[in-house]
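First up is the structure itself, then whatever we jot down about it.
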Amino acid sequence: MRQNFIPPTINFNPNLRPNAWDLAALPLVLGILWLLAFGGMQMSTPYNIGDALTVSSDPLDLPYYLLRSFLRMAAGLAASLTFSIVYATLAAKSKYAEKILIPILDVLQSIPILGFLSITVTGFIALFPGNLMGVECAAIFAIFTSQAWNMTFSLYQSLRTIPHDLNEAAAMYRLSAWQKFWRLELPFATPPLIWNMMMSVSGGWFFVVASEAITVSGQTIMLPGIGSYISRAITDKNLAGIGWAITAMLVGILIYDQLFFRPLVAWADKFKFESIPGEELPTSWLLTYMQRTKLMRHIGAAPGLLWEISLPLFRRRHDGLGRPVHKARTLPWFDKAWNAFLALIAAYALLRLADFLKTSIGWEEVLHVFLLGLATAARVLILIAIASLIWVPIGVWIGLRPKLAQTVQPIAQFMAAFPANLMFPVAVILIQHFNASVEIWTSPLMILGTQWYILFNVIAGAMAIPTDMKDVGGNFGLKGWVRWKRLILPSVFSSYVTGAITASGGSWNASIVSEMVSWGDTTLMATGVGAYIADATAKGDFPRIWLGCCMLSMFVILFNRLLWRRLYRLAEERWRID
Amino acid sequence: MNNVTPPADLLINLTGVRKAFRAPDRSERTVLEGVNFKLAQGEIVSLLGKSGSGKSTLLRIIAGLIKANGGEVLYRDKTINGPVKGIAMVFQSFALFPWLTVQQNVELGLEAQAVPADERVKRALKVIEVIGLGGFESAYPRELSGGMRQRVGFARALVMEPDVLLMDEPFSALDVLTAETLRGDLLELWQERQIPTKGILFVSHNIEEAVTMSDRVLIFSSDPGRVKAEIPVNLPHPRDTESPAFKAIVDEIYAIMTQQPQRAAGTPAEPLSLGYRLPEATPHRIEGMMETLAEEFNNGKADIPALAEQLELPDDTLFQLLEAGRLLGFISVEHGDVALLPAGHIYVESTDAKRKELFAEHLVHHISLATHIRRILDERRDHRAPEDRFLQELQDYLTDDEAERVLDQVINWGRYAEIFEYDYNSGFLSLPEEEEEKKEEAPPAPPPPPPPAASDAAPSA
C-alpha cells in the first residue's frame, strides 16, 4: 500500500504576487454573496415543510441514515467533478477567461464553507417550495463547495503543465481538441485530481455532518442523515446515541475507504507520468478482483465503444497543407476593453458593498467583527503552533521507522477523515463538568480534526528523506539538536508546510461550529468570528452572516498570502531535496 | 508513385527561411536567417551544429509546429501551415503516453484519423513486428527500457506511412550500445525498403552518428542560425568508423565546427562584448582538458577528433570546453587542431595555488563580464552588488533565460578564481573578505585599465 501521501500539487495560484485581478475578484465574489444574502433576506420566513421532519433516535435507523449521508456526498462529488472539468478547461484554454476565473477561484477557496451554507439555504428552499429538495440541495451545495475549488485548481494546474513533448506529439499526429482532451490532458491530470478528490472527500465528512441539521431563522430543518441524528441526540442529551453514531461513522468511513478510496487511487496509478521502478505501488483487493472478473471487463468495454463512435465525428479534417488558418489576431483594444470592463464591475461592487455596510450595519460593528476575527486568528495560530510542537517530533519519529509508519499512516488518514464535530458534545459535557473557561477550552475543538494533516504529512516527509542523507547523519555522529537542525527539520519542512496549510484552512472552517457548541439547552460561546457567524445564522440575520463570512474570508486570504505561501516558497527554494 | 516526376520532386524545400523570437518588451532575437534547404527523395540528411544554433527550431518549422517569420516552407510544392499528413516525427524524449499500451501508442495517429478499428490493429501489429517489438503489444511504457521505448516512437511514426521522417536527436537519450543497435536497425529498414518513407531528416549532436547515417551533413552556425557548410557523404554502407575516408570526413566536420571567423592578420582583436554567450564549462574540466593535452600529446598539440577520443566526452560538451579554453587564452583552435598556448603550458606546470592565480588573471583579462563585475564591486563602498543589477544589464543583450545562464557561468568561474563571492540566498555578489579588509586599509585604487586586446573577436549575441 502506498505510504507516500504527499499531495502532488499545492493548489496555489502560481503567481505569488497579488495582481490587480486578485483585488478585483474579492469585491466581485463578495458582491455575489451579498446578492444571495439579500435575496434570502427578502423571504419573510423560510418555507415550512409541513410537519417538522422528525429524525429518529433509534440506532437501528443508522444504516439508512448513513446511506443518505453517503448519497449526499456522492452527489456533491459528481457536481464538483463536472464543475471542475468545465471551469478548469475554460480557464486553461482561454486567456481572457483565465484572467478573472483564477482569482475568483482563489477567493472562493478561502470562503468558509459553512458560511456558504448559511447564506444559500433559504435561497435553495425557495427554489423548491413544499419539498425537502431545497434543503437537500443546500447540503449538497455545501459539500460541493468543500471539494470543487481544490479539484478545479488541481485540474487547471495539470492542464497548464502538460509536458511539452507530449503536446508536440499530439500536434504532430493531428489529434483534434476533443481527442487530445481525452487521450492526453485528462489522463495526465487524473492522478493529482483523484488525490485531491479523495482528500476533499475525507475532509468532506465534516461538512456532511454539519450541514444536515440547519438552523435558519430560529427553525431547525433536519435532513435524514448521520448529522441530524447527532443533532437530535445533542438536543435530547442522548449520550448513548452519540456513541452509536460515532460507531456508525467509523464503519462508514471504513467501507468508503476500502470500496472507493483505495481502488480509485490504485487505478489512478496507471496514469502516473513518472514512475520510479521498484516503487511500491498502491494495491486494492477490490480493484484486483474487478480487473479479473469477466463481467467487469465487459462493462469496461462500453466506454470504449462510445469513444470509437466519437472519433470520426470529432477528428481534424484538414491537413497542414490547407489554407493557412488565420489565428484571429487579438485586437489590442479588446484586451484593454476587457480589463476596463472587469475593473468597472469590481469598482461598482466595491462601492455598493461599502454603502451597504454603512447603512445596514454600521462601521462600528464592522470594527467589532474585525476584532473578533483577530481573536479567532490568534486561536488558530496558537493552536497550529501547539499542534506542530506535539506532532512534528512524533511524526518524524514514526516516519524514520518505516515498518511503524506503514501501520500508522492509514490510521492518521482515517483520523483526518473522521468528522470531529461528532466529538463536540463530549467536549461540552466536560467543560460544563469542570467549569472550565469557555474561551480557552473550546479552542482545541478547532484543531481536533485538522491536526492529523500535520501528522501524516510530516510522517510522509520523514519517510521521504533519502537514505543516503540519513546514512551521512549516522556516519558523522549527528545527534540531538544538531541533527534536528541540520538534517531533519530542513528535510521535512515542505511537507510540514503542506500539512500546516491544510490544517490551518480546516481550522478556520471549523471555527464556525466550534466556537459555539451546545449540549441540550446549554450553549457555550467563545469570542470569535466563528461564533458570530453561527449566532447570526441561528437568528437568521443575513447582513451579519454575510459580514462575518467576509471578515473570515479576508483573514484567511491574508493568512494565506502573508504567511503560508511565503513559507511554502521558502521551502521550495531553500530546502528542496533535488 | 507518380509517373511523371518533375525535375526536382523535392519532398521539402525551404527558401530564405527566417525565424525570430520576440521577448515581451525587448528586441527580437533572430534564431534562423536565410536558411535554404532541400530534401529530395531517397536521401538521409542530418543537421549538426552547436546548441542554440536553431536546428531544432528548423525541424519544428518543417514539422509544422512553429511558423516561420519569413521565407517559404514547402512540402511537395505546397506551403506547410501546420502538421502535415506525410510528415511524422520521432522525439528525443520518446514522448510516449504512459497510460497507453505499446499498441495503443502506435495506433495514436491512426485513431486520430478515425481509421476503422480492425484496419488500425492490423497495421499497428505489422509495424510492431517490423520494428522488433513483437510480443510487447500490451506492455506499458514504464515496463520498457529506453531503447524499446524509442522503438515504440519509431513504430508510431512509421505506421502513418509518412513520406518524410523527422527525428530530433532520436538516439541521444540512449546508451551507446542501444543507440548503435537502433541506428543499424533503422538503416537496414531504410535500405531494404521495408518502410515506405522516402526521406529522413534528423538533428544530431554526435558527429560520428551523423556521418554513419547520412548522405548529406549540414552544419549550422549560431547567432543567427544559417547553413554554414554542406558535406556530402558518399561512402558505401555499411560504413566503417575506422576507415580513413570516414575519419577524413569527421575531421573536416570538426574543423568547420570549431572554425573562428577570419580577421585580417595584425588587426587587434576587439574585446568581448558584455553579453557574449559564455560556453558551459567548469574550471575543473578545462583544467582536465589542458592536462590531457600536455600529458597525452606531443607539445600539447592534438587533432580534435583524437582529443575527443581521449576525453570521451560528448561532442557538444567538448566544443564548449574548447571554446572556454580558447576564450581564456590557454589554447588555440585552428583548422581542426588544438594547441596549448605558452600560457597553458605554464598553467599545467604550476602548483594548485599558482594555478588559481593564473586562472584569475586570465579571467579578468579576457572575459569582459568578469572584469565588469569586479570593477563595479571595487567601486562600490560596501563592495557588494545584487545579481539583479547585472542580470538587467545582460538582458539588454540576451533573452532572460540566456542572461541567467551566462551570469551563472561567470559566477561559477569567478568563485573558482576567488575574484568575487556569491551568496545564493540573498543573491549578492561581493569581494572576497580578505580583499575587502585590504581595501579598508589602503586608499581606493584607481580603476583597473581596460582589458588588453589579447582576446579574440567574437560575434556578440
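The values are calculated or read from the model by the stated rules, or taken from the named source; none is laboratory data. This one's a predicted model, so the numbers in the text were calculated from it and none came from an experiment. Counting neighbours? That spans all protein chains shown, and the Cβs are built from the backbone with ideal geometry, glycine included.
At-a-glance table
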item	result
Any chance A:S507 is within 30 Å of A:S437 (Cα to Cα) and either crowded, with 24+ Cβ neighbours inside 10 Å or in contact (Cβ under 8 Å) with a residue 12 or more places away in the chain (or both)	yes
Pairs where the first residue, in region A:178-202, is within 30 Å of A:Q451 (Cα to Cα) and the second is surrounded by fewer than 21 Cβ atoms within 10 Å (Cβ to Cβ) and of a type in the set (S, T, N, Q), C-beta under 6 Å, 6+ apart	A:P192/A:T9
Residue within region B:18-26 that is part of a loop (DSSP other than H, G, I, E, B) and either under 28 Å from B:I249 (Cβ atoms) or among the hydrophobic types (A, V, I, L, M, F, W, C) (or both) present	yes
Some residue of region B:336-344 being within 24 Å of B:F220 (Cα to Cα) and modelled with pLDDT under 90	yes
Matching residues in region A:406-435 - criterion: being β-branched (V, I, T), under 27 Å from A:M525 (Cβ atoms) and buried (at least 17 other Cβ atoms within 10 Å of the Cβ)	A:V428, A:I431
In region A:160-175, the residues that are more than 7 Å from chain B (Cβ to nearest Cβ) and not charged (D, E, K, R)	A:T161, A:I162, A:P163, A:H164, A:N167, A:A170
The one condition in (1) surrounded by fewer than 19 Cβ atoms within 10 Å (Cβ to Cβ); (2) in a loop (DSSP other than H, G, I, E, B); (3) touching a helix residue (DSSP H, G or I) at 6+ places or on another chain (Cβ under 7 Å) that B:I195 fails to fulfil	(1)
Search result, residues across region B:163-185 that are within 13 Å of chain A (Cβ to nearest Cβ) and surrounded by 22 or more Cβ atoms within 10 Å (Cβ to Cβ)	B:V164, B:L165, B:L166, B:M167, B:D168, B:P170
Checklist (1) within 14 Å of chain B (Cβ to nearest Cβ); (2) in contact (Cβ under 8 Å) with a residue 24 or more places away in the chain applied to A:F144, failing item	(1)
Test set (1) surrounded by 16 or more Cβ atoms within 10 Å (Cβ to Cβ); (2) β-branched (V, I, T); (3) free of Cβ contacts under 8 Å to residues at least 12 places away in the same chain - A:T122 fails condition number	(3)
One residue from A:W182, A:W195, A:W178 being outside any loop (DSSP other than H, G, I, E, B) and at pLDDT below 80	A:W195
Residues that are surrounded by fewer than 19 Cβ atoms within 10 Å (Cβ to Cβ) and more than 7 Å from chain A (Cβ to nearest Cβ), drawn from region B:93-103	B:T101
Index of the failed condition, B:F154 passing every other in (1) of a type outside the set (S, T, N, Q); (2) within 29 Å of the chain's Cα centre (by Cα); (3) farther than 29 Å from B:L10 by Cα	(3)
Every pair of residues 6+ apart whose Cβ atoms lie under 7 Å, when the first sits in region A:307-319 and is more than 7 Å from chain B (Cβ to nearest Cβ) while the second is surrounded by 13 or more Cβ atoms within 10 Å (Cβ to Cβ) and β-branched (V, I, T)	none
Candidates A:S388, A:S443 - the one that is polar (S, T, N, Q) and within 30 Å of A:S231 (Cβ to Cβ)	A:S443
So A:K336, is it outside any loop (DSSP other than H, G, I, E, B), facing chain B (nearest Cβ under 10 Å) and either under 30 Å from the mean Cα position of the chain (by Cα) or modelled with pLDDT of 75 or more (or both)	no
Boolean, B:H335 is over 19 Å from B:E295 (Cα atoms) and over 22 Å from the mean Cα position of the chain (by Cα)	no
Out of A:A240, A:A245, sole residue that is assigned to a helix (DSSP H, G or I), touching a Leu at 6+ places or on another chain (Cβ under 9 Å) and not β-branched (V, I, T)	A:A245
Scan of region B:408-426 for residues that are of a type in the set (D, E) and touching a residue at least 12 places away in the same chain (Cβ under 8 Å), ordered by number	B:E418, B:E421
Residue within region B:92-115 that is more than 17 Å from A:R183 (Cβ to Cβ) and in contact (Cβ under 8 Å) with a residue 24 or more places away in the chain present	yes
Filtered residues of region B:66-85 (kept if at the interface with chain A (Cβ under 8 Å from one of its Cβ atoms) and out of contact with any helix residue (DSSP H, G or I) (no Cβ under 6 Å at 6 or more places or on another chain))	B:Y75, B:K78, B:T79, B:I80, B:N81, B:G82, B:V84, B:K85
Region A:236-247 residues that are free of Cβ contacts under 8 Å to residues at least 40 places away in the same chain, paired with ones that are outside any helix (DSSP H, G or I) and among the basic types (K, R) (beta carbon under 7 Å, 6 or more apart)	none
Residue within region A:198-213 that is surrounded by 22 or more Cβ atoms within 10 Å (Cβ to Cβ), in contact with a Ser or Thr (Cβ under 9 Å, 6 or more places away or on another chain) and within 14 Å of chain B (Cβ to nearest Cβ) present	no
Condition check for B:K38: within 14 Å of chain A (Cβ to nearest Cβ), on the phi < 0 side of the Ramachandran plot, without any contact (Cβ under 8 Å) to a residue 40 or more places away in the chain and not small (G, A, S)	no
Output for region B:389-407, where each listed residue is in contact (Cβ under 8 Å) with a residue 24 or more places away in the chain, of a type in the set (S, T, N, Q) and part of a helix (DSSP H, G or I)	B:Q395
Boolean, B:L58 is more than 13 Å from chain A (Cβ to nearest Cβ) and under 23 Å from A:H164 (Cα atoms)	yes
Qualifying residue in region A:539-550 (condition: over 30 Å from A:H368 (Cβ atoms), assigned to a helix (DSSP H, G or I) and modelled with pLDDT of 80 or more)	no
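To keep it simple, each residue is scored yes or no on (1) among the aliphatic types (A, V, I, L, M); (2) in contact with a helix residue (DSSP H, G or I) (Cβ under 7 Å, 6 or more places away or on another chain).
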position	(1), (2)
A:I382	yes, no
A:W391	no, yes
A:A416	yes, yes
A:A420	yes, yes
A:P425	no, yes
A:F434	no, no
A:I440	yes, no
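Here is a yes/no grid of residues against (1) over 30 Å from B:L110 (Cα atoms); (2) outside any loop (DSSP other than H, G, I, E, B):
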site: B:M167; (1), (2): no, yes
site: B:E180; (1), (2): no, yes
site: B:E209; (1), (2): yes, yes
site: B:V227; (1), (2): yes, yes
site: B:L235; (1), (2): yes, no
